[in-house]
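Please read the structure below before turning to the comments.
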There are 4 protein chains.
Amino acid sequence: MDDRGPTIGVGVIGTGFMGKAHALAYRTAASLFPLAVRPVLEMVADNDRTGAERAERSFGFRRMTEDWQELVSDPKVAIVSVTTPTELHHEMALAAITAGKHVHCEKPLATNEAGARRMMEAAEAAGVATQVGFNYLKNPLLGLAREMIAGGELGEITSFRGIHAEDYMADPEAPFAWRLEAAGGGVLADLGSHIIGLARFLLGPIVSVFADLETVVTERPIARGSAERRAVTVDDIARLTVRFARGAGGTIEASWVASGRSMQLGFEIAGSKGGLVFTQERMNELLFYRADGPQFRRGFVRIEAGPEHPPYGLFCPARGHQLGFNDLKTIEVADFLSAIGGGEAKGPDFREGWEVQKVVETARLSAHARSLLPIP
Amino acid sequence: MDDRGPTIGVGVIGTGFMGKAHALAYRTAASLFPLAVRPVLEMVADNDRTGAERAERSFGFRRMTEDWQELVSDPKVAIVSVTTPTELHHEMALAAITAGKHVHCEKPLATNEAGARRMMEAAEAAGVATQVGFNYLKNPLLGLAREMIAGGELGEITSFRGIHAEDYMADPEAPFAWRLEAAGGGVLADLGSHIIGLARFLLGPIVSVFADLETVVTERPIARGSAERRAVTVDDIARLTVRFARGAGGTIEASWVASGRSMQLGFEIAGSKGGLVFTQERMNELLFYRADGPQFRRGFVRIEAGPEHPPYGLFCPARGHQLGFNDLKTIEVADFLSAIGGGEAKGPDFREGWEVQKVVETARLSAHARSLLPIP
Amino acid sequence: MDDRGPTIGVGVIGTGFMGKAHALAYRTAASLFPLAVRPVLEMVADNDRTGAERAERSFGFRRMTEDWQELVSDPKVAIVSVTTPTELHHEMALAAITAGKHVHCEKPLATNEAGARRMMEAAEAAGVATQVGFNYLKNPLLGLAREMIAGGELGEITSFRGIHAEDYMADPEAPFAWRLEAAGGGVLADLGSHIIGLARFLLGPIVSVFADLETVVTERPIARGSAERRAVTVDDIARLTVRFARGAGGTIEASWVASGRSMQLGFEIAGSKGGLVFTQERMNELLFYRADGPQFRRGFVRIEAGPEHPPYGLFCPARGHQLGFNDLKTIEVADFLSAIGGGEAKGPDFREGWEVQKVVETARLSAHARSLLPIP
Amino acid sequence: MDDRGPTIGVGVIGTGFMGKAHALAYRTAASLFPLAVRPVLEMVADNDRTGAERAERSFGFRRMTEDWQELVSDPKVAIVSVTTPTELHHEMALAAITAGKHVHCEKPLATNEAGARRMMEAAEAAGVATQVGFNYLKNPLLGLAREMIAGGELGEITSFRGIHAEDYMADPEAPFAWRLEAAGGGVLADLGSHIIGLARFLLGPIVSVFADLETVVTERPIARGSAERRAVTVDDIARLTVRFARGAGGTIEASWVASGRSMQLGFEIAGSKGGLVFTQERMNELLFYRADGPQFRRGFVRIEAGPEHPPYGLFCPARGHQLGFNDLKTIEVADFLSAIGGGEAKGPDFREGWEVQKVVETARLSAHARSLLPIP
């Protein structure tokens, strides 16, 4: 937090849930993290002028525009943050890369594997830094989980069960939205990409998948309360059986019709010597079991996040005081800025976003084939 | 608890974990439930004489034998309880049915579908009552769950996630045992049958299955500490993707290598209007969500078992005082005695045991084919 | 469970909640525990003949009577179990002791300290075995907790917070009942005695107390729905601040108007090196913290009851399968029978019941004095 | 978040845990809340120049000083935030008030009641706005709890049990620190003030108190590992029995030697119709019980924080995504800025800080007297 280097201009495209979260995270990261570059909120873009103006004022952007291409080509913008609906990511990110910008893109990276690959290849060819918005991976306790697994604390990993379930589409009268467009990709792309990314973060590459994809609500009103309905073709629930390159098998489930669940992003991992259980619903807790010591006092330990789990201590010096959702986004941004400043690139970058997309796409093919398929 | 009718002789084959549980349950059921027939512990059989004698004394059986066939043909024995390893069920149950006995058999019913079918057909032809030992279904809160589903409290059911995971085989040095014999059937038959039975209990027939079966520990010592090893060919983990006749999809997982888990028999069910969550680890609690009432106070309700959930009140008149594992076996026995006495046959009977076996067997075929298969 | 000695006749006075629980426990204890004496349900007494007859039949008592004095003086009855309302304990127990019987009495032992003392003194003078029905102490996990404390696992104990809260009197329209008679003693005597007994079981003698006693519902209908009301003078809530002879301080709370709570009998204990948390609502779990090992993986361990916590294994050989309320009563009875048969007297006996009564009585005096008082 | 009014200069005294939290909160509040005044980080003061410079840089203060009096008298500073050890609050706050500044002071407000009263009186006479740093009260779910109580959802309140326990002083070798100075006030002042403030927030004034205060570790090393020791005279544990003006009774406990607890700030409230349970360890959950509807599905509802609990939605539009510790500080600041800008003064202000101090001081007197005392 001492001497901070030169400023770097940030441009954010989109001013919705994620646009706001990105802007806030860029502001906060610089206060909390010792960074080699200091972000400045240079410009915000929204094709709705009112939204752009409001975001400019409330987040303290220097400028705003209705035209994202202006933002992408602005010489003072060095980082482009793409927070628009998925089908727009590809064009925007490629334009930003072409303009030599570092690109921070929300997940899922693209609507299909080919698009994600082009984005990854362009970024790697251009040598710009990239980041995909899998913010949940930034939880200090998941970093701990990953280290425990890598360090052999669980022994040989034998099983993974991962879930990302919410209920924002559970009501059959919830209206059609961009997430329901075929290009949007359904729940497998929207929430499934988070839990696939998490599975890979903890256990490495996935080599095969069987998938069951299901559309539960086959038509929805075009607007809240409207009698006019529109057919839904994308999946509301996805159930995957996977195998990891390391040998372990597992299941991955995604649902946005899971009544009662607001943030059931979680997993249980079993190994020959121990186990781990986590749910984002209680994101400051990690349950850890280790099959050693006297039998009569074994059991899952409830580890609470604290300063011994970096970078928690930058937010709060006292254990158990709780990080929140926005704090994860701040860590994501700090990691990205660190990589841009020459530090370790912790990712997930566009290559990782593409790897996730491959799992998503193979899962779709598997669901059609009703059969297990290898991930290319 | 008022006037109880004639006595009925019970013969129990086997004196291990389940033999003891059955004997205890027959003794207790008569004290707690108002039954039309009164069970008498007539005879116990164990090919180990010491075990048979000890069981005779401690449980108060009138007689004991080393020869199960003597028990089966004894005129004073009207109910035969089969608690031996799975591969013995078929012969013993058929002999008992032939002798005109009612048969209470532990799960899984048989080592394969054909055997289970013969047992079911023989029992139905003979007109004797049957019961399979899926004791967990007897939890009063699962009765409530079933009623809630049937009564439409959750709306249209959209998803099921069921698990039965324990860790008694997690240690790679845990020795070979009868459950690991090919005939024993692996975890899918041993624990999977419980959660398949529970899925059917709550949601009805399963019509298709994709399965991933995995042997994690491929050889084990022949005895604790022995250097001699024996190959294991049965599954340690089973992951099923299923579809129910009612339309909903789901997943079912069974594992006996789930480090840290002693009794993770649970499920989460989602419907268009609500959800249910349960784990046998906290068997006196059922979590229930319903999407109605003001949004600001919605959430999962933790329902504690109480006398308002029959037959809890026969065990204890006060809510939240907790039933235990053995109490479920007592209810199982009481239900069976009630059916024998002319009351409602609540099951699960041999037909249901056969239905479960069909799912198990189709799952095995699916795992070989790496493809989704219909249940015959 | 091998060779069991001579039979011993049991007489139970009372056929309500506890009468039934006692009868069941005597029946079951002999099946599960290796006992030196074998209980026989010799006689049951209830001044309501119908109840007595029903209990005789359903629990298999050899005889019944409407006259408890007949039971107490019966030569075949060697153990008298007193399960009537508190104000009757004194007379019945003294009569039984005079007749040379071993006495098993429900809690609280008496309506006042003087009565409890007379019962204790009489029993000790007569040399009969006694047992008070603090069944919750029989939880195998509380035995573990006590051992951990005694063995120094928590370091020096610094604090205790104990609670027994239920809600069966929370409804202001719940009618008057014997527990509300001045002689019954209010919640401090009814539920408070459980948690006081538990505090003593874990941490030893209490030497001073400050108490706040409160009657929340000052009059109640004489029967459900009746317009006629009767004044209530006993406490609905009791809040105690205590100090233990070992030096630690603590609080103890009892309430029967704790809306939403059915069995909140629990505690949290802190020591210089660790902590313990328990609630009877999840009676098969004990949370244990120990301040050692690397900081980053410390936390409360959730220990599940298993065969490594005797006598759990007599009920079930598999961890996490859950004991229930009635099982605790069975252990209580087994311990009593063991003591009668010459084994270790684990208590709690009448002396312990009297010690608890002294805390109750001093707490009442403290509440009047609004000041801290020493326990005599 | 639309048109924001004039800027207002903020000066923060202190750069430790709370200094950082305040600076961050002033920065973030302006981004998230629609405020009438826009805070500018004008100046930071720390008598350690290095700390002051570091804070200036990392949080983006315009200026820094080693002399807090310079900050207090600076004409561009309109808000003074006091985050120093408790014994310094009085002088600093009075100086700021004299200079006409609005004052935001950490808790506890002062080291004694007289000091707190002077601060309150001075502020009210000067007409400046004040805020005390009871940040936990800003949890949206506690706002909901308060509304539920006020709206009669629980019926008549009958009991409160409040706890604030942590373990940062549990290790007897933890060194002496300013919190252990007699002037610092011990755990009753440090953590107890939080839970007393919360009790008052939910249930209103407290009218009497009995207290048991205890010093568990009577001497500590003067520095980590030092052989030199210093006597500790302040309380490590405080146990209060209280009565509220509304009639209900309750207990309040504070401990900083509660091994295993990092943030056990919680309560259970019972009323004639319902109950509430909360712990800051799971600060995004509130358990709510209501004694209505059919008995068989009653139980505590786990309410997760969401946009339906303002101002959660300003942080995140999706339920269950979790607020964190720093977010509460942001709400505290936003509320203060709102009051300064002419909006509702939600407090807690210096008058409330003084009221809490009175409870603390009377509790100390009660502990000496070993007797119940009225709050003046």
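The values are calculated or read from the model by the stated rules, or taken from the named source; none is laboratory data. For clarity, every value in this text was computed on a predicted model and none was experimentally measured. Every residue, glycine as well, gets a Cβ built from its backbone with ideal geometry; the counts of neighbours run over all protein chains shown. Surface areas here come from the heavy atoms of the whole protein model, side chains and all, with no ligands, DNA or RNA. Shrake-Rupley method; radii C 1.70, N 1.55, O 1.52, S 1.80 Å.
What share of the DSSP beta bridges in the protein assembly as shown is antiparallel, in percent to the nearest 5? Please report the intermediate quantities before stating the final value.
Details: 172 of 284 bridges.
Looking only at bridges with both residues in the protein assembly as shown, the antiparallel portion is about 60 percent.
Candidates B:V187, B:A165, B:P108 compared by Cα position along the dipole of segment B:103-201: farthest toward the positive end lies B:P108, with charges placed on Cβ. In whole angstrom, note down how far apart the Cα centers of segment B:298-322 and segment A:177-254 are. Answer, in whole Å: 37. Here's the picture: charge each Lys and Arg Cβ at +1 and each Asp and Glu Cβ at -1 in segment C:211-271, and of C:Q264, C:V234, C:T215 the one pushed furthest to the positive end of that dipole is C:Q264. Across chain D, C-alpha contacts under 8 Å between residues 6 or more apart give a mean separation that, scaled by the residue count, equals a relative contact order of 19 percent. When the trypsin sites (Lys or Arg not before Pro) in segment D:43-129 are filtered for DSSP coil states and for at most 15 other beta-carbon atoms within 10 Å of their beta-carbon, the remaining sites are D:R62, D:K76.
Taking a ≥ b ≥ c as the square roots of the eigenvalues of the Cα gyration tensor, an a/c ratio of 1.5 or more together with a/b no larger than b/c marks segment D:80-209 as oblate. On a per residue basis, segment D:277-337 carries 24 Å² of accessible surface, using protein heavy atoms and a 1.4 Å probe. The length gained on full extension between B:A345 and B:R246, counted as 0.36 nm times the residue separation minus their Cα-Cα distance, comes to 33.3 nm.
Note on chain A: GNM, Cα springs under 10 Å; of A:L109, A:L144, A:L191, the largest mean-square fluctuation is that of A:L144. Within the accessible area of segment D:7-135, the carbon and sulfur atoms contribute 46%, probe 1.4 Å, all protein chains present. If you model segment C:7-135 as an ellipsoid using its alpha carbon gyration tensor, with each semi-axis the square root of five times an eigenvalue, the axes come out at 21, 17, 14 Å, biggest first. Here is how far apart the D:D292 label points are across copies: 1.4, 5.4, 5.6 nm, shortest first, using a point 7 Å from Cα toward Cβ.
What order, most packed first, do the peptides A:217-228, D:325-336, B:291-302 have when packing is the mean number of other Cβ atoms within 10 Å of each residue?
Values: A:217-228: 12.2, D:325-336: 26.0, B:291-302: 16.6.
Put in order of decreasing packing, that is D:325-336, B:291-302, A:217-228.
A viscosity of 0.890 mPa s and a temperature of 25 °C, combined with the Kirkwood radius over Cα pairs in Stokes-Einstein, give a translational diffusion coefficient for the protein assembly as shown of 71 µm²/s. Among complete DSSP H helices in chain C, those whose alpha-carbon atoms stretch at least 24 Å along the helix's long axis and whose mean Kyte-Doolittle hydropathy reaches -1.0 are C:350-369. Computed from point charges on the beta carbon alone (+1 for Lys and Arg, -1 for Asp and Glu), the dipole magnitude for the protein assembly as shown about its Cα centre is near 0 Debye. Largest GNM mean-square fluctuation among A:R200, A:R230, A:R27, using chain A with Cα springs under 10 Å: A:R230.
Note on chain C: GNM, Cα springs under 10 Å; of C:S31, C:S262, C:S58, the largest mean-square fluctuation is that of C:S58. For the segment D:28-40, counting C-beta atoms of other chains within 10 Å of every residue's C-beta and taking the mean gives 2.
Dimensions of segment B:230-371 from C-alpha coordinates, computed as largest minus smallest value along each principal axis and given longest first, are 50, 49, 34 Å. Projecting the Cα atoms of A:S31, A:V82, A:G133 onto the charge dipole of segment A:7-135 (Cβ charges, centred on the Cα centre) puts A:S31 farthest toward the positive pole.
Other chains near D:224-233: what is the mean number of their Cβ atoms within 10 Å of each residue's Cβ? Don't skip to the answer; put the middle values down first.
Details: counts 0, 0, 0, 0, 0, 0, 0, 0, 0, 0.
Average per residue, whole number: 0.
Which part of segment B:203-244 falls in the paramagnetic zone of B:A182, meaning amide N under 11 Å from the point 7 Å along Cα-to-beta-carbon? Counting only backbone N, you get B:233-234. Where both bridge residues fall in chain C, DSSP classifies roughly 60% of the beta bridges as antiparallel.
Just to confirm, what accessible area per residue do you get for segment B:7-135 at 1.4 Å probe, in whole Å²?
Details: 4340 Å² over 129 residues.
Counting only protein heavy atoms, the per-residue value for segment B:7-135 is 34 Å².
Which shape class, rounded, prolate or oblate, goes with chain C when its Cα gyration tensor gives a ≥ b ≥ c as root eigenvalues, a/c under 1.5 marks rounded, and past that a/b bigger than b/c marks prolate?
Values: a/c = 1.62, a/b = 1.14, b/c = 1.42.
Verdict is oblate for chain C.
Cross-linked pairs A:K346/D:K329; C:K138/C:K358; B:K329/C:K76; C:K20/C:K107; C:K107/C:K346: Cα-Cα separations exceed 26 Å for A:K346/D:K329; B:K329/C:K76. What you get for chain D, charging only the Cβ of Lys and Arg (+1) and of Asp and Glu (-1), is a dipole of about 660 debye around the Cα centre.
A convex hull fitted around the alpha carbon atoms of segment A:214-269 yields 104 Å³ per residue.
For segment B:28-160, give the magnitude of the charge dipole about the Cα centre (Cβ charges: +1 Lys/Arg, -1 Asp/Glu; no others), in debye to the nearest 20.
Dipole size: approximately 400 debye.
Among the residues of B:161-174, the average count of other protein chain beta-carbon atoms within 10 Å of the residue beta-carbon is 3. Modelled label positions at D:E156 and B:E66, each set 7 Å beyond Cα in the direction of Cβ, lie 7.4 nm from each other.
The solvent-accessible area of D:E124, taken with every protein chain present and a 1.4 Å probe, is close to 100 Å².
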